[in-house]
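Beneath this line is the structure, given in structure tokens, with notes to follow.
The values are calculated or read from the model by the stated rules, or taken from the named source; none is laboratory data. Bear in mind the structure is a predicted one, so any value in this text is a computation, not a measurement. We place every Cβ from the backbone using ideal geometry, glycine too, and count neighbours over all the protein chains shown. We work out accessible area using only protein heavy atoms, side chains counted, and drop any ligands, DNA or RNA first. Shrake-Rupley method; radii C 1.70, N 1.55, O 1.52, S 1.80 Å.
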Amino acid sequence: DQQVKQNSPSLSVQEGRISILNCDYTNSMFDYFLWYKKYPAEGPTFLISISSIKDKNEDGRFTVFLNKSAKHLSLHIVPSQPGDSAVYFCAASAGGGGNKLTFGTGTQLKVEL
Amino acid sequence: AAGVIQSPRHLIKEKRETATLKCYPIPRHDTVYWYQQGPGQDPQFLISFYEKMQSDKGSIPDRFSAQQFSDYHSELNMSSLELGDSALYFCASSLGLAGGYQETQYFGPGTRLLVL
């Protein structure tokens, strides 16, 4: 039972344009959401997070939007750069601090020149 | 800034052998998590520790055990290895569960285990 889903396995975007990565979840107990970037043979690198009490969080080129009613979140990267090419994982956790993460299946982002 | 350290980075074992993976969390982090990522799959939670006590347990086989030591490093012990145990094993650390608010988990580079 995949509780966190990333329906687009891959996404290709031109340099300088916006990249939008989507994530859907089914568990209404999830209250903290994170995006990680991952290169092959490396560990996931934390990008940005959002608590369920917010609907938007921004950090530099990265913005995460949360729509609780739709159980949907998205990561916007503006402007996209070639170095952003990687696999992006959406992750979610439930309950109070420090709980296990449930990951989505990942989206391979390719930013082309 | 100091990151999560995992050792070894690569490990090759035969079936039915044992393996021990080590994880050194970011300084002052007292919570450690272990995840397993199979080929083409997303990371799956195995087990976590907070202040040297097991705090949560996921899909960890009975052949695996783990503990967190007084210096907060953690070890994942894997026995009777099977071919299907071949995967990337990630350790992550965060600040503790106190306060009831979410703390970000930071991941190590992983240990790639190959069972032949």
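Observations on the structure shown:
- Shielding by partners, peptide B:41-48 (average Cβ within 10 angstrom, other chains): 5
- Note on A:Glu15 and A:Asn57: with the Förster distance fixed at 30 Å, the Cβ-Cβ geometry gives a FRET efficiency of about 0.75.
- Counting protein heavy atoms only, chain B has 51 percent of its accessible area on carbon and sulfur, 1.4 angstrom probe.
- Sites count as exposed loop sites when they are trypsin sites (Lys or Arg not before Pro), lie in a DSSP loop, and have at most 10 other Cβ atoms within 10 angstrom; the longest stretch of chain B without one is B:29-116.
- Averaged over the residues of peptide A:99-109, the number of Cβ atoms from other protein chains lying within 10 Å of each residue's Cβ is 5.
- Flagged links, alpha-carbon separation over 28 Å, of A:Lys110/B:Lys57; A:Lys110/B:Lys15; A:Lys56/B:Lys22; A:Lys5/A:Lys56; A:Lys56/B:Lys52; A:Lys54/B:Lys22: A:Lys110/B:Lys57; A:Lys110/B:Lys15; A:Lys56/B:Lys22; A:Lys56/B:Lys52; A:Lys54/B:Lys22
- Within chain A, percent of DSSP bridges classed antiparallel, to nearest 5: 90 percent
- Accessible heavy-atom area order of A:His72, B:His73, highest first, probe of 1.4 Å: A:His72, B:His73
- Shielding of peptide A:34-44 by partners, expressed as the average count of other chain Cβ atoms within 10 Å per residue Cβ, is 5.
- Ranking B:Ile5, A:Ile50 from most to least accessible surface, computed with a 1.4 Å probe over the protein chains only, gives B:Ile5, A:Ile50.
- Considering only beta bridges that DSSP places wholly inside the protein assembly as shown, some 90 percent are antiparallel.
- Using θ = phi - 60° and Karplus 6.51 cos²θ - 1.76 cosθ + 1.60, couplings along the range A:40-56 (whole Hz; Gly, Pro as x): x, 6, 10, x, x, 9, 5, 10, 7, 9, 8, 8, 5, 7, 10, 10, 7
- Segment A:Gln108-A:Lys68, length gained on full extension (0.36 nm per residue, minus Cα span): 11.9 nm
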